[in-house]
Amino acid sequence: MNTDQKLLSLIIPCYNEQEALPIFYREVTAVAQEMSCAYELIFVNDGSKDNTLPILKELAGQDEHVVYLSFSRNFGKEAAMYAGFCNANGDYVAVMDADMQDPPSLLPQMLDILETGEYDSVATRRVDRAGEPPVRSWFARKFYQIINKISDADIVDGARDFRLMKRDMVNSIVAMSEYNRFSKGIFGWIGFRTYWLPYENVERVAGETKWNFWKLFKYAINGIINFSQAPLSIASWFGIFMTFCSFALLAFIVIRKILFDDPVAGWASMVCIVIFIGGIQLFCLGIMGQYIAKTYMESKHRPHFIISESNGKNVKKLK
Ligand code: UDP
Ligand code: MG
């Protein structure tokens, strides 16, 4: 191997990907072999319950480019990506899904853009959401609008986790060791010069998506809480608004009493107001609870992942 040849590390989180993996491996290997740099394929088995691990072991036996890291249980895609970043040796590093939704054929173009020296990362963005239910697309668009208004992280609508980065950027990501990880926010928060490469959405080649609507909704809320303190000020704004309302109502009742000598009536309206205020208070307490829960998890300093098996050398088994 040429010693000043650059190394490209591809991180592939895999959770129950037995159908997609062989197809992905074949395609990505064909592309990587045509590229100018050396490469390693870091497959992270995120506690799969199917034959993903045996398939990875077989690939590792045949091909020295394949490194597998196998988690002791399912820790989630964020943890799998972090384990990949912590164990990647490349000068260039990319994260790719195993289901071919991140087309390997884009890699040479992405590398060319990085090698011009003008950018530190090349990120991909889907220009359409073909094949996705309209309700999900609507919520996704709203999520990007909201999070961009209320947080420092610049998050582009349709951005995928698929991006090719230089070593400096990867080091910054590894240094961001927060427990509650939201990579789209982390990529935006650390900055660096990013080139956005648009491409048309590709549907999963085999197997099933691991995301349902509820999981995506929780992921979105998680992203907002991780990158913005704005929800915490909702309580203050509600408080100020309710105080003004109560003054206005008080004035209305006093004037009505003086002018019309109208006694205060309305058990029903009273109950509505009590329930309304109680609801708002619980809602605001809930928001604070979310932040406290995150702080609690951060303060425990638990590892992000536990690697139980690997064929790699000097693997960071915990971090
Ligand atoms: N994934 C993972 N752990 C999980 C869920 C998903 O490592 O708990 C991997 C999965 O194997 C795939 C990538 O993350 O390579 C994206 O998952 P998926 O295709 O289900 O998400 P979608 O593309 O539908 O957003
Ligand atoms: Mg997918």
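The values are calculated or read from the model by the stated rules, or taken from the named source; none is laboratory data. Here the structure is a predicted model, which is why all the values come from computation and not from measurement. Note that each Cβ is placed from the backbone with ideal geometry, even for glycine, and that neighbours are counted across all protein chains shown. Protein only, heavy atoms only, side chains kept; ligands, DNA and RNA dropped before computing areas. Shrake-Rupley method; radii C 1.70, N 1.55, O 1.52, S 1.80 Å.
A quick yes/no check of all residues on (1) in a loop (DSSP other than H, G, I, E, B); (2) under 27 Å from residue 143 (Cβ atoms):
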| residue | (1), (2) |
| --- | --- |
| 218 | no, yes |
| 226 | no, yes |
| 231 | no, yes |
| 253 | no, no |
| 258 | no, no |
| 265 | yes, no |
| 294 | no, yes |
| 298 | no, yes |
| 312 | yes, no |
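Does at least one position in the range 145-152 carry a residue that is under 16 Å from residue 193 (Cα atoms), open to solvent by less than 70 Å² (accessible area, probe 1.4 Å) and touching a residue at least 12 places away in the same chain (Cβ under 8 Å)? No; the residues of the range 145-152 include none that is under 16 Å from residue 193 (Cα atoms), open to solvent by less than 70 Å² (accessible area, probe 1.4 Å) and touching a residue at least 12 places away in the same chain (Cβ under 8 Å).
Got at least one residue in the range 123-142 being within 17 Å of the chain's Cα centre (by Cα), of a type outside the set (Lys, Arg), assigned to a helix (DSSP H, G or I) and away from ligand 2 (no atom under 16 Å from the Cβ)? Checking the range 123-142: at least one residue is within 17 Å of the chain's Cα centre (by Cα), of a type outside the set (Lys, Arg), assigned to a helix (DSSP H, G or I) and away from ligand 2 (no atom under 16 Å from the Cβ).
Taken as a whole, the structure leaves residue 249 outside the set of residues that are more than 21 Å from the chain's Cα centre (by Cα) and open to solvent by 90 Å² or more (accessible area, probe 1.4 Å). For the range 87-109, give me each residue that is surrounded by 22 or more Cβ atoms within 10 Å (Cβ to Cβ) and away from ligand 2 (no atom under 16 Å from the Cβ). Once the filter is applied, which keeps residues that are surrounded by 22 or more Cβ atoms within 10 Å (Cβ to Cβ) and away from ligand 2 (no atom under 16 Å from the Cβ), the range 87-109 yields 87, 88, 90, 92, 93, 107.
Restricting 19, 34 to those that are within 16 Å of ligand 2 (Cβ to nearest atom) and open to solvent by 20 Å² or more (accessible area, probe 1.4 Å) reduces the list to 19. Taking the residues in the range 56-73 that are of a type outside the set (A, V, I, L, M, F, W, C) and within 21 Å of the chain's Cα centre (by Cα) as candidates, determine which candidate is surrounded by the fewest Cβ atoms within 10 Å (Cβ to Cβ). Selected residue: 73.
Considering the range 183-216, the residues that are in contact with an Asp or Glu (Cβ under 7 Å, 6 or more places away or on another chain) and part of a loop (DSSP other than H, G, I, E, B) include one that is nearest to residue 290 (Cα to Cα), namely 192. None of 27, 118 is within 16 Å of ligand 2 (Cβ to nearest atom), surrounded by fewer than 17 Cβ atoms within 10 Å (Cβ to Cβ) and not basic (Lys, Arg) except 27. Among residues of the range 99-123 that are on the phi > 0 side of the Ramachandran plot, those with a Cβ under 9 angstrom from a residue that is at pLDDT 90 or above and open to solvent by 50 Å² or more (accessible area, probe 1.4 Å), sequence gap 6+ or separate chain, pair up as 100/27. Screening residue 153 on (1) under 30 Å from residue 34 (Cβ atoms); (2) under 16 Å from the mean Cα position of the chain (by Cα); (3) part of a loop (DSSP other than H, G, I, E, B) shows it passes everything except condition (1). Filtering the range 163-170 for residues that are at pLDDT below 90, surrounded by 18 or more Cβ atoms within 10 Å (Cβ to Cβ) and under 29 Å from residue 230 (Cα atoms) leaves an empty set. Pairs meeting the criteria (first residue in the range 187-199 and over 12 Å from residue 155 (Cα atoms), second residue open to solvent by 40 Å² or more (accessible area, probe 1.4 Å), beta carbons under 6 Å, at least 6 apart or on different chains) are 193/119; 195/119; 198/125; 198/127.
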